[in-house]
Amino acid sequence: MQLFYNPDITENTTEFSFNKEESKHIVKVLRKSVDQTLQITNGNGWLFTAQITAADIKKCVVQIMDKKLQAKKNYSLHLAVAPTKMNDRYEWFLEKATEIGIDSITPIICDHSERKIIKPERFEKIIQSATKQSLSYYLPKLNPAIAFKDFIKQDFSGKLFIAHCEETDRKSLKNELKPKQDITILIGPEGDFSVKEIEQALQSHFIPVTLGETRLRTETAAIVACHSVAYTNE
């Protein structure tokens, strides 16, 4: 199945027109024609089956024929991950985490961060593409980048973890996880969290954890954490 994404379609939509770029892709590249069907999600859990009524490269129009709502998972995962020095590594993380299953992502700017500016438009496109590729009907939420000290001041629900490499008392993440929990996990930059940041996180009730015996890159650590949560909830 080929899945299309458009956030403007709602459960009350009966007819919809794609923009010029998407219309050209559907009609000219994919060679879709009148009466053929498309599968579309709005990223909020809905899958729409639509029939093409006008196949124009400037304005492809569809009629919604059927719709169904995918049930939400019984847990949620929020990863707060420091941007990596090389942008493509963070993009890889976004793609894979979306495929595995994640609900929200926040880039956090830390004391040791080498990259403090991100391109949210590019990140959004990667998340959308991975959502379609994995045939998921829920689009992960990409939050604006935020300073670490401001992030941990927010109100959170569920279990809170910070994965760091300092030789202090840490628990194994896999041993701390339980099914059906809302979870937030902090993953630091290449230079790890500063001692001050770790102390601030502990004061905000984050549990210090390790992801294994080896030292992991930021993007690898984020994927390991993401998979651990998904595996626990299988």
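The values are calculated or read from the model by the stated rules, or taken from the named source; none is laboratory data. If you're wondering where the values come from, they're calculated on a predicted model, not measured in any experiment. With ideal geometry, Cβ positions are generated from the backbone for all residues, glycine too; neighbour counts draw on all protein chains shown. Surface areas here come from the heavy atoms of the whole protein model, side chains and all, with no ligands, DNA or RNA. Shrake-Rupley method; radii C 1.70, N 1.55, O 1.52, S 1.80 Å.
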Next item on the list: Could you list, in sequence order, all residues of segment 79-111 that are acidic (Asp, Glu), without any contact (Cβ under 8 Å) to a residue 40 or more places away in the chain and assigned to a loop (DSSP other than H, G, I, E, B)?
Entry: 103
Margin query: For segment 28-41, check the following and say yes or no: at least one residue is part of a strand (DSSP E or B) and surrounded by fewer than 17 Cβ atoms within 10 Å (Cβ to Cβ).
Written below: yes
Next item on the list: Provide a single number: the residues in segment 1-12 that are more than 22 Å from residue 134 (Cβ to Cβ) and either open to solvent by less than 30 Å² (accessible area, probe 1.4 Å) or at pLDDT 95 or above (or both).
Entry: 0
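Okay, residues lined up against (1) aromatic (Phe, Trp, Tyr); (2) open to solvent by 30 Å² or more (accessible area, probe 1.4 Å); (3) under 20 Å from the mean Cα position of the chain (by Cα):
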{"position": "148", "(1), (2), (3)": "yes, no, yes"}
{"position": "154", "(1), (2), (3)": "no, yes, yes"}
{"position": "171", "(1), (2), (3)": "no, yes, no"}
{"position": "184", "(1), (2), (3)": "no, no, yes"}
{"position": "195", "(1), (2), (3)": "no, yes, no"}
{"position": "209", "(1), (2), (3)": "no, no, no"}
Next item on the list: Mind counting the residues in segment 173-207 that are of a type in the set (A, V, I, L, M, F, W, C), touching a Lys or Arg at 6+ places or on another chain (Cβ under 8 Å) and either closer than 17 Å to residue 220 by Cα or in contact (Cβ under 8 Å) with a residue 60 or more places away in the chain (or both)?
Entry: 1
Notebook entry, point to check: Restricting segment 42-81 to residues that are within 16 Å of residue 1 (Cβ to Cβ) and either basic (Lys, Arg) or modelled with pLDDT under 95 (or both), which is most open to solvent (accessible area, probe 1.4 Å)?
Noted result: 68
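What's the total number of residues in segment 112-130 that are under 27 Å from residue 21 (Cα atoms) and either assigned to a helix (DSSP H, G or I) or not basic (Lys, Arg) (or both)?
12
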Next item on the list: Kindly check whether there is at least one residue in segment 93-102 that is basic (Lys, Arg) and under 16 Å from residue 192 (Cα atoms).
Entry: no
